[in-house]
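**Q** Handing you this structure, nothing more for now.
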Amino acid sequence: MNFLSDNARGAVPEILRAMAAAGEGAYAPYGDDAITALLEHRFAELFERAVAVFPVISGTAANALSLATLVPPHGAIFCHADSHIATDECSAVESFTHGAKLVGVESPHAKLTPAAIEEALMRFQKGLVHHAQPAAISLTQSSEFGTVYRLDEIRALSDCARRHGMALHMDGARFANALARLGCTPAEATWRAGVDVLSFGATKNGAVGAEAVIFFAPGNTRDFAFRRKKAGHLISKMRFVSAQLEAYVKDGLWLKLAARANASAALLAEGLAQVPGAEIAHPVEANAVFVRLPDAVVARLREAGAQFYDWAPPKDGRTLVRLVASFATPESDVAKFLEIALG
Ligand SMILES: Cc1ncc(COP(=O)(O)O)c(C=O)c1O
């Protein structure tokens, strides 16, 4: 019963087979290969427009490199206070941007709102040399608390970004889970809603290690290619990363996997809501469940071997825990977890 992270499970056979196939024969290195070239077409089809696609091997690199390309060293990036870039990337964004400021904004359920950003902007006056200059908004889709931005919410953030001359970046480490929830097209969920650059995740949803930075204005990728090389993310055997991404999006595999993960999380949430004293802390809209459980229930689950993270210290006899379901979470694990929780 492993609910630690969607990274806990391995990779799907379709992707492993694609990697094995990429291991045969010889290819030009550093992304000059046929598999990587195909990727641009595949993603152009997927997003219904020409895009620039840069494969990298971690979500942290995708976020830090894309934001460094969008934001000057004296820039300010508005993100949620609980966002991964603000809390879990060891100041990679600050480092890659050479010192840009991450402004952590508080708003419910880890979802940014224009009002919260406007309030934060009061302290970052454009043109005032004492202030870091507003340069980007970064939203996470699906969010760190398992919630999903609706299209009108993304558009409202994009309008806010435009009003203030900022770019809109989306951390899509779990973009598939959000899209499976929204049921819209990848285009609608990104550039049509005003997203400029997307960190497109695959690792958490069945790949071995593959992410892509996608620029929706392919003619304006600025110095991204140089930054990726300088950061050590221009992989010489890029074809293995590209092959994963290609297999991931082929025939809708990514969305099938994400829908499965989301369905497991929904089942968990439904069951846990019946546990006396339990409280679901955030709407369960993707593949993560945040729930306050009585400490006795937490202890019982751990004794039975269940694995999950505490998300806050125990308080008033309950602990907020995080459960993440994945593309490969066995139905029997969900059933057993609920049986134990319900006592
Ligand atoms: C929302 C979000 N963004 C980015 C990342 C970073 O991914 P990686 O661990 O591959 O650097 C994670 C990983 O947990 C994440 O949850």
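The values are calculated or read from the model by the stated rules, or taken from the named source; none is laboratory data. All of these numbers come straight from a predicted model, not from anything done at the bench. All Cβ positions, even for glycine, are placed from backbone atoms using ideal geometry, and neighbour counts span all protein chains on display.
**Q** Does Arg17 satisfy the condition of being surrounded by fewer than 18 Cβ atoms within 10 Å (Cβ to Cβ), away from the ligand (no atom under 16 Å from the Cβ) and part of a helix (DSSP H, G or I)?
**A** yes
**Q** Every residue in the range 246-267 that is of a type in the set (A, V, I, L, M) and in contact with a Ser or Thr (Cβ under 9 Å, 6 or more places away or on another chain), please. Step through it out loud before you land on a result.
**A** Let us first name the residues in the range 246-267 that are of a type in the set (A, V, I, L, M), namely 247, 249, 253, 255, 257-259, 261, 263, 265-267.
If the condition is that a residue be of a type in the set (A, V, I, L, M) and in contact with a Ser or Thr (Cβ under 9 Å, 6 or more places away or on another chain), then Leu257, Ala261, Ala265 are the ones that fit.
**Q** Please find, among Ala265, Ala312, Ala269, the residue that is aliphatic (A, V, I, L, M), exposed (fewer than 15 other Cβ atoms within 10 Å of the Cβ) and on the phi < 0 side of the Ramachandran plot. Before the answer, list the steps.
**A** Values: Ala265 fails: exposed (fewer than 15 other Cβ atoms within 10 Å of the Cβ); Ala269 fails: exposed (fewer than 15 other Cβ atoms within 10 Å of the Cβ).
Of the residues listed, the single one that is aliphatic (A, V, I, L, M), exposed (fewer than 15 other Cβ atoms within 10 Å of the Cβ) and on the phi < 0 side of the Ramachandran plot is Ala312.
**Q** Scan the range 101-124 and tell me whether some residue there is crowded, with 18+ Cβ neighbours inside 10 Å, within 12 Å of the ligand (Cβ to nearest atom), farther than 15 Å from Leu67 by Cβ and at pLDDT 95 or above.
**A** Among the residues of the range 101-124, at least one is crowded, with 18+ Cβ neighbours inside 10 Å, within 12 Å of the ligand (Cβ to nearest atom), farther than 15 Å from Leu67 by Cβ and at pLDDT 95 or above, which makes the answer yes.
**Q** Which of the residues belonging to the range 42-76 are crowded, with 18+ Cβ neighbours inside 10 Å, away from the ligand (no atom under 12 Å from the Cβ) and not in a helix (DSSP H, G or I)?
**A** Val51, Ala52, Val53, Phe54, Pro55, Val71, Gly75, Ala76
**Q** In the range 114-138, which residues are without any contact (Cβ under 8 Å) to a residue 40 or more places away in the chain and more than 19 Å from Asp196 (Cβ to Cβ)?
**A** Going through the range 114-138, the residues without any contact (Cβ under 8 Å) to a residue 40 or more places away in the chain turn out to be 115-116, 119, 122-123, 125-130.
Hits for the range 114-138 are Ala115, Ala116, Glu119, Met122, Arg123, Gln125, Gly127, Leu128, Val129, His130.
**Q** Based on this model, can you work out whether Leu4 counts as more than 16 Å from the ligand (Cβ to nearest atom), modelled with pLDDT of 95 or more and closer than 30 Å to Phe337 by Cβ?
**A** no
**Q** Consider the range 196-211. How many of its residues are surrounded by fewer than 24 Cβ atoms within 10 Å (Cβ to Cβ) and among the hydrophobic types (A, V, I, L, M, F, W, C)?
**A** From the range 196-211, those surrounded by fewer than 24 Cβ atoms within 10 Å (Cβ to Cβ) are 196, 203, 208-209; that's our starting set.
Filter once more, so that each one left must be among the hydrophobic types (A, V, I, L, M, F, W, C): 208.
Residues that pass the stated criteria total 1.
**Q** Also, I was wondering about something else. Let me confirm something: among Ser158, Ser142, Ser138, which residue is surrounded by fewer than 24 Cβ atoms within 10 Å (Cβ to Cβ), of a type in the set (Ser, Thr, Tyr) and at pLDDT 95 or above?
**A** Ser158
**Q** Being within 11 Å of the ligand (Cβ to nearest atom), hydrophobic (A, V, I, L, M, F, W, C) and assigned to a loop (DSSP other than H, G, I, E, B) is the filter here, so list the residues in the range 167-224 that pass it.
**A** Ala173, Ala202, Ala207, Ala210
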